[in-house]
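Input: a single structure, listed below in structure tokens.
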Number of protein chains: 4
Amino acid sequence: MPMNSIHSFSEIVGKYKVIFFDAFGVLKNYKGLVPGIDRTFQYLHDKKKEYYIVTNDASRSPTQLAEKYHQAGLHAISKDRIVSSGMLAKEYINLKVKSGIVAYLGTPDSAHYIEGEGIEVLPVSQINTHNVDDVNALVFLDDEGFDWNSDLNKTVNLLRKRTIPTIVANTDDAYPLNLGEICIAVGSVATMIENIVGKKFIRFGKPDSQMFIFAYERVRRHMHVTKDQILMVGDTLNTDIMGGNKFGLDTALVLSGNTLPTDVESRINSSGILPTYICPSAVVDY
Amino acid sequence: MPMNSIHSFSEIVGKYKVIFFDAFGVLKNYKGLVPGIDRTFQYLHDKKKEYYIVTNDASRSPTQLAEKYHQAGLHAISKDRIVSSGMLAKEYINLKVKSGIVAYLGTPDSAHYIEGEGIEVLPVSQINTHNVDDVNALVFLDDEGFDWNSDLNKTVNLLRKRTIPTIVANTDDAYPLNLGEICIAVGSVATMIENIVGKKFIRFGKPDSQMFIFAYERVRRHMHVTKDQILMVGDTLNTDIMGGNKFGLDTALVLSGNTLPTDVESRINSSGILPTYICPSAVVDY
Amino acid sequence: MPMNSIHSFSEIVGKYKVIFFDAFGVLKNYKGLVPGIDRTFQYLHDKKKEYYIVTNDASRSPTQLAEKYHQAGLHAISKDRIVSSGMLAKEYINLKVKSGIVAYLGTPDSAHYIEGEGIEVLPVSQINTHNVDDVNALVFLDDEGFDWNSDLNKTVNLLRKRTIPTIVANTDDAYPLNLGEICIAVGSVATMIENIVGKKFIRFGKPDSQMFIFAYERVRRHMHVTKDQILMVGDTLNTDIMGGNKFGLDTALVLSGNTLPTDVESRINSSGILPTYICPSAVVDY
Amino acid sequence: MPMNSIHSFSEIVGKYKVIFFDAFGVLKNYKGLVPGIDRTFQYLHDKKKEYYIVTNDASRSPTQLAEKYHQAGLHAISKDRIVSSGMLAKEYINLKVKSGIVAYLGTPDSAHYIEGEGIEVLPVSQINTHNVDDVNALVFLDDEGFDWNSDLNKTVNLLRKRTIPTIVANTDDAYPLNLGEICIAVGSVATMIENIVGKKFIRFGKPDSQMFIFAYERVRRHMHVTKDQILMVGDTLNTDIMGGNKFGLDTALVLSGNTLPTDVESRINSSGILPTYICPSAVVDY
């Protein structure tokens, strides 16, 4: 895994049959699409390469996420090409919760996501003494859509009363809001509550392997591919690159988001997380 | 430090010249004063023993805290007998912050507390682009009095912009609200933000020695006393008992609060924190 | 995921097509095989059910591990039915390290395991100023086979000099030695060093999903099976049960190892990790 | 607490009545005394300023530590001017352990230190089934003097059998051995074992306030001094500077040890720990 200084993305993308892309900091940022990223998808289409978006986002369904790209003018990203941490939460609930209430923290959009047959999906704010004994799971979906003070205190007391599986559908600590400002993500809020109640939550999201398995299994439904034919492209060392490396994929760190050209070297050395390649961005010059 | 099963408080209190009491779970609980606790203070008065309340509470000033006891009918607790973690925060700011703004999270009551000459005390909600460069310290005082979502996000971004001392005036993770329900304390909120911004906050509160030094120095202004003549009485192993032990005091764990008769043995064995004595409560039968 | 008190293993095993077993505490303990466990494998054979051993053991190769079972009289466990965390470490190295030296901490038996074409496998004790620049990966394999004081200090300084992928092939903190005594596992040693050098290591082992994927992919080479047709059987909540649950399998906690009948209820409630079933042991009464 | 770029130590030392010095990285390093440091002590003597060495060192008694300075030609450092974390461990044991065995990990030199009336001090290696029930405390003193593999495993099992106070007399994670090489300190080893056994150890050492109280009380036996008349000088942000700040002292970070001129700014910004001053070294140009 030698780190050969900086490569152009055009130079390396041709070596792989399938590309996994992180979303934020790679395809888009707080200002909109990364300029020129449409050329990358034109290239992938022309060369008949497969691609998936692998994202720690449980705030919206793949359909809603895909619509956002279409509105921005990027039509290459259809809903079936999106693998989100929320989909793993949904899969878990479908497999393990057969009846009763699934309580959640998040927006109605995010909740829509986890709905399934036989279960009732309710915001934590609607849990009360009458229905608390029917709550069979709790899901942290999004940092918006609830009152932090009252609903987080309610969540703590719910978890003290009921021994139920608790799922965190986004493992990020924070996410960028605009140039220089960040927001606390639901992953941080969940960690705070996990420490208070002393229980283990089930977390879905990069760098966890389950995200990569999900994407890997999906691509193998359509084609035969081995791990060394897949490239994971991301802007964050401890999620995209760590997770890609661990799953056995080659990895490309792009400098269009979280990791800046000025601190890439010190971040790699201090974390010990080594991408296969470093590229200025995921844009193909073509 | 042998643990000789359960003692009555009457049996052991006579051996000491000075008693330090935790407040919540020892003198009072969510229903009001612990029944009979006034007899303890009558006894201490009659026997000319000194006493102090040593509390991880930065929500109100000693004057306000004392008033609460007076209203409940316990007049023995005057403001000069109260040592709170908020007082250490105040002392720190007086010594180390000479000018500018001290931003805080908490109620106006808690803020009143840290006011001092030459500094302006402002809630985080009132920090803006015009005054952000004058903020010279930040204090976490109380879990109430601010909007958790907007003000905690604002706090994260303030700490990313400004390298300033950040003080947490209450190290507790949670506190009891009523029978069976707890509240998230500002200590947990501070830990969440510390992890996101990656900076080290300055924490005041038991089990930290500084709480005990503060009380110890205060008592020694009035009388000569050595550490082995002081008993720390508390209901929580990892704050009251851990801190008292470490500072070199004898310790009495009471079972009227956080630690229940049914789980005292397993909690001591699993934590490894050994009180000198275990008592049903701090009430003197007299 | 209801927890219906205690079930006999015989009662539930019939519902599944494939069984994954943890090794220690389920099939064997410090005294040898769990009495009667051979009946379970006779049953599985008669009913044509598939089974795999999924173990956080990187101290020996599957061949060597299988031999141990054969010597103890259990011939049903062949090397191709064993999935160990060491196999994931080996796969990672084969995919990501193409040349140079892979340094390791462990016994020669454990090292034998990770050998591959084009790489040289050397114990940390043999790293010196002449070959240190050729070290391209480090693997924590076993807690035996090296001098803890000198080789762990050498490891710290190796990781300060070289930015290389570091793999921990056993995530356990400790393992049982005999009745009442435990041993520090290499996972704990790795965590200590990770904290000192401040780098992120790559960990393989339950509860991580990658162990379950590896076993799942292997079984699907031979047969068609879905996740709800597989049962994970283990004695430890935070590895076997947590990992099985997260991967979407049904789980059976057995009380023949790490979790005792007297504390199963309090451990489930305090951890929040819920097995689908609880069984006295994995022995089939048949 | 403004940070006014770099000051010469000569410029600031005159403002204070008492100076607390860290030892390693300030007065000495792996090559011996910091060149010119004798001029500092000549200056302090001429100006009648008091000084103390405040060090996280429990490997040798103050007498032995002072001898090392004398052998190196620095006679100004007498044993009564040394405050070590080992002295706090000793004080704790004297106050809280009245009889039986105190087991320890460390060299015979370090153990000599904690000896007291009525107790027997034994290395962990000499604990056996006959005397284990008499062990009333355990102390982590030094990283040398014991077999890491066998004695650390023995320590884990001792702490599983006996609920006893456990003291860590050195909170450092690692210490420098020579240019570019470090050693694992006993603080790291203690943390590993604390995590395995799940118990809370009592830690003495900077940044904990108890080190500073101990020194502060000692200086006040000889003279009247307030906290703002004391300067803490150290080379490490998260022990010397954090601890000094928290105790309410002014602090000077020197760049002759752990913190280098090239990374001082980024370390201060990323940790949020602000010294009152930054100086190239503690040498007075005089």
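The values are calculated or read from the model by the stated rules, or taken from the named source; none is laboratory data. Note that the structure is predicted; figures quoted are calculated from it, not measured. Because the Cβ atoms are built from the backbone with ideal geometry, glycine has one as well, and the counts that use them run over all protein chains shown.
Quick look at the numbers
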| read-out | value |
| --- | --- |
| Counted residues, segment A:183-200 - those being over 17 Å from the mean Cα position of the chain (by Cα), modelled with pLDDT of 95 or more and outside any helix (DSSP H, G or I) | 0 |
| Residue that is surrounded by the fewest Cβ atoms within 10 Å (Cβ to Cβ), among those in segment C:219-244 that are within 16 Å of the chain's Cα centre (by Cα) and more than 21 Å from C:Val186 (Cβ to Cβ) | C:Leu237 |
| Lone unmet requirement of (1) surrounded by fewer than 23 Cβ atoms within 10 Å (Cβ to Cβ); (2) within 12 Å of chain B (Cβ to nearest Cβ); (3) in contact with a Pro (Cβ under 8 Å, 6 or more places away or on another chain); (4) not hydroxyl-bearing (Ser, Thr, Tyr) for D:Asn269 | (3) |
| Test: B:Tyr69 is more than 12 Å from chain D (Cβ to nearest Cβ) and over 23 Å from B:Lys28 (Cα atoms) | no |
| Residue count, segment A:17-31 (criterion: in a strand (DSSP E or B) and more than 18 Å from the chain's Cα centre (by Cα)) | 1 |
| Cβ pairs under 6 Å, 6+ apart, first in segment A:178-205 and within 14 Å of chain C (Cβ to nearest Cβ), second basic (Lys, Arg) and buried (at least 21 other Cβ atoms within 10 Å of the Cβ) | A:Ile202/C:Lys246 |
| Filter pass, B:Ile213 being in a helix (DSSP H, G or I), more than 27 Å from D:Phe204 (Cα to Cα), in contact (Cβ under 8 Å) with a residue 12 or more places away in the chain and facing another protein chain (nearest Cβ under 8 Å) | no |
| Where C:Tyr52 falls short, out of the listed (1) over 30 Å from A:Asp250 (Cβ atoms); (2) surrounded by fewer than 23 Cβ atoms within 10 Å (Cβ to Cβ) | (1) |
| Hey, A:Ser99 in contact with a Ser or Thr (Cβ under 6 Å, 6 or more places away or on another chain) and at negative phi or not | no |
| Hits in segment B:205-227 - residues which are β-branched (Val, Ile, Thr) and in contact with a Phe, Trp or Tyr (Cβ under 7 Å, 6 or more places away or on another chain) | B:Val219 |
| D:His222, sole failed condition from (1) more than 8 Å from every other protein chain (Cβ to nearest Cβ); (2) modelled with pLDDT of 90 or more | (2) |
| Segment B:157-182 - residue that is of a type in the set (A, V, I, L, M, F, W, C) and surrounded by fewer than 23 Cβ atoms within 10 Å (Cβ to Cβ) and, of those, modelled with the lowest pLDDT | B:Leu179 |
| Test set (1) touching a Lys or Arg at 6+ places or on another chain (Cβ under 9 Å); (2) away from chain C (no Cβ under 14 Å) - A:Val254 fails condition number | (1) |
| Close pairs from segment D:140-166: first farther than 17 Å from D:Gly187 by Cα and away from chain C (no Cβ under 11 Å), partner surrounded by fewer than 21 Cβ atoms within 10 Å (Cβ to Cβ) and at pLDDT below 95, Cβ under 6 Å, at least 6 apart | D:Thr163/B:Asn269 |
| Residue within segment C:275-286 that is within 12 Å of another protein chain (Cβ to nearest Cβ) and surrounded by 24 or more Cβ atoms within 10 Å (Cβ to Cβ) present | yes |
| Selection within segment A:128-144 - surrounded by fewer than 19 Cβ atoms within 10 Å (Cβ to Cβ) and either in a helix (DSSP H, G or I) or not charged (D, E, K, R) (or both) | A:Asn128, A:Thr129, A:His130, A:Asn131, A:Val132, A:Asp133, A:Asp134 |
| Checking A:Thr171 against (1) touching a residue at least 40 places away in the same chain (Cβ under 8 Å); (2) within 14 Å of chain C (Cβ to nearest Cβ); (3) in contact with a strand residue (DSSP E or B) (Cβ under 7 Å, 6 or more places away or on another chain); (4) not in a loop (DSSP other than H, G, I, E, B), the condition it does not meet | (4) |
